[in-house]
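**Student:** First, the structure itself, so that you have it in front of you.
The values are calculated or read from the model by the stated rules, or taken from the named source; none is laboratory data. Model, not experiment: these values are computed from the prediction. We place every Cβ from the backbone using ideal geometry, glycine too, and count neighbours over all the protein chains shown. The accessibility values were calculated without ligands, DNA or RNA, using every heavy atom of the protein model including side chains. Shrake-Rupley method; radii C 1.70, N 1.55, O 1.52, S 1.80 Å.
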Amino acid sequence: MTSEDRKIDANSAPLVEHLVEFRRCLIASLVAFFIAFMICFMIKDYILDILLLPYQWAMKFFNESPENIRLQSTQVLETFLTKLKISAFGGVILAFPYIAFQFYCFIAPGLYKNERIMFLPFLIATPVLFLIGAAVVYCLIAPFILWFSLSQQIMPNGHFQIEFVAKISEYLDFMTSFILSFGLIFQLPVATSILTRVGFLTSDMLVSVRRLAIVVIFVMAAMITPIDLFSMFGLAFPTILLYEISIFLARRIEKKQR
């Protein structure tokens, strides 16, 4: 074996080790998700009751009895498939802390000791911010949008009334996509803070692209949310606020580094 071949083998060995470790983390994350999915499938009806609470709150605001809540199913196996989606949604949330920990275990060997200590607060903040984003949707935005939908039942002339009856699949798609979207969007300060600490991002860069970022935020909000202004603005405005918080945190980090 020539010296050049030995150099190639020496360089490829760490890459193979990284790929093996990545495969281990990926398999562990998938197993954790599958276990969480099975647990949520066993309690899927209770999860459905929890996701229906914003609808019931909206009915209370509209002076209707929450016991009169109605959802319709118009396709074969629609209810069962929706319950599978609920289980997958619950599995993602339940397994999220463990998956984040596996990601940390994958990158930790490549970090210095002080970098590992720096990374731990962000590891803790990630699930906390995810839950805060989900709570904002669950307690504020979703009940308001549902209340507005219910308020459109009564026509101004009073000659007839339009009854709002949501499809079970569409309602739960609305709730789960909104919760997951907000949970991920609330990771924006974490992501920008990490990139600022390692030197890939600066506060001046965030300020310079602020206008473009606002346009992108509204475009993404229009793509993620249903086709209505309340949902779009409900997602866009908190994201813009988080972007401003990211700029503030980046400046704080740069000040400490100086």
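**Student:** If the chain between residue 79 and residue 105 were fully stretched, how many nm would it gain, using 0.36 nm times the residue separation less the Cα-Cα distance? Don't skip to the answer; put the middle values down first.
**Tutor:** Values: separation 26, 0.36 × 26 = 9.36 nm, distance 3.86 nm.
Computed gain between residue 79 and residue 105 is 5.5 nm.
**Student:** Separate question: I need the calculated FRET efficiency for the pair residue 139 and residue 19, taking r as the beta carbon distance and R₀ as 51 Å, to the nearest 0.05.
**Tutor:** On the way: r = 43 Å, r/R0 = 0.84.
So the FRET efficiency works out to roughly 0.75.
**Student:** Let me ask something additional. Provide the FRET efficiency to the nearest 0.05 for the residue 48-residue 222 pair, computing r from the beta carbons and using R0 = 25 Å. Each step should come with its number before you reach the end.
**Tutor:** On the way: r = 28 Å, r/R0 = 1.13.
After rounding to 0.05, the efficiency reads 0.30.
**Student:** Quick check: at a probe of 1.4 Å, how many percent of the accessible area of the chain sits on carbon and sulfur atoms? Don't jump to the answer; show the numbers that get you there.
**Tutor:** Values: 11230 of 16040 Å².
Roughly 70 percent of what the probe reaches on the chain is carbon or sulfur.
**Student:** Here's another thing I want to ask about it. Counting only protein chains, not ligands or nucleic acids, how are 207, 31 ordered by accessible area (probe 1.4 Å), most first?
**Tutor:** 31, 207
**Student:** Residue 64 to residue 112: FRET efficiency via 1/(1 + (r/R0)^6), r the Cβ-Cβ distance, R0 41 Å, to the nearest 0.05?
**Tutor:** Result of the calculation: an efficiency of 0.10.
**Student:** Using the alpha-carbon centroid of each, what span in Å lies between the range 89-133 and the range 32-47?
**Tutor:** About 22 Å separates the Cα centre of the range 89-133 from the one of the range 32-47.
**Student:** Taking loop as defined by DSSP and a crowding limit of 10 other beta carbons within 10 Å, which chymotrypsin sites (Phe, Trp or Tyr not before Pro) in the range 128-223 fit?
**Tutor:** 160, 200
**Student:** At residue 213 and residue 257, where each label point lies 7 Å from the Cα along Cα→Cβ, what is the point-to-point distance in nanometres?
**Tutor:** 1.5
**Student:** Roughly how tilted is helix 142-151, in degrees to the nearest 10 and between 0 and 90, from the longest Cα axis of the chain?
**Tutor:** 20
**Student:** From the backbone phi of the range 84-94, what are the Karplus-calculated ³J(HN,Hα) couplings (6.51 cos²θ - 1.76 cosθ + 1.60, θ = phi - 60°) in whole Hz, Gly and Pro given as x?
**Tutor:** 5, 5, 4, 5, 5, 4, x, x, 4, 5, 5
**Student:** Right, something else. Compare 35, 107 by solvent-accessible area with a 1.4 Å probe and give them largest first, with all protein chains kept in place.
**Tutor:** Greatest to least solvent exposure: 35, 107.
**Student:** Using a simple spin-label model with points 7 Å from Cα along the Cα→Cβ vector, what separation in nm is obtained for residue 35 and residue 237?
**Tutor:** Here the modelled spin labels are 4.2 nm apart.
**Student:** Any idea what angle helix 113-136 forms with the longest principal axis of the chain, computed on alpha-carbon atoms, 0 to 90 degrees, nearest 10?
**Tutor:** Roughly 10 degrees between the two axes.
**Student:** Additional query: So how much accessible area does residue 223 have, in Å² to the nearest 10, using a 1.4 Å probe?
**Tutor:** Estimated to the nearest 10 Å², residue 223 gives 140 Å².
**Student:** Determine ³J(HN,Hα), in whole Hz, for all residues of the range 17-23 in sequence, where each value follows from phi through the Karplus function 6.51 cos²θ - 1.76 cosθ + 1.60 and θ = phi - 60°; x replaces Gly and Pro.
**Tutor:** 4, 5, 5, 5, 5, 5, 5
**Student:** Send over a whole-number figure in Å² for the accessible area per residue of the range 15-58, probe 1.4 Å.
**Tutor:** 67
**Student:** What's the magnitude of the charge dipole for the chain around its Cα centre, counting Lys and Arg as +1 and Asp and Glu as -1 at the beta-carbon? Answer in Debye, nearest 20.
**Tutor:** 860
**Student:** Continuing with this model, one more query. Taking 7 Å along the Cα-to-C-beta vector as the label spot, tell me the residue 149-residue 202 distance in nanometres, rounded to one decimal.
**Tutor:** A separation of 4.7 nm, rounded to one decimal place.
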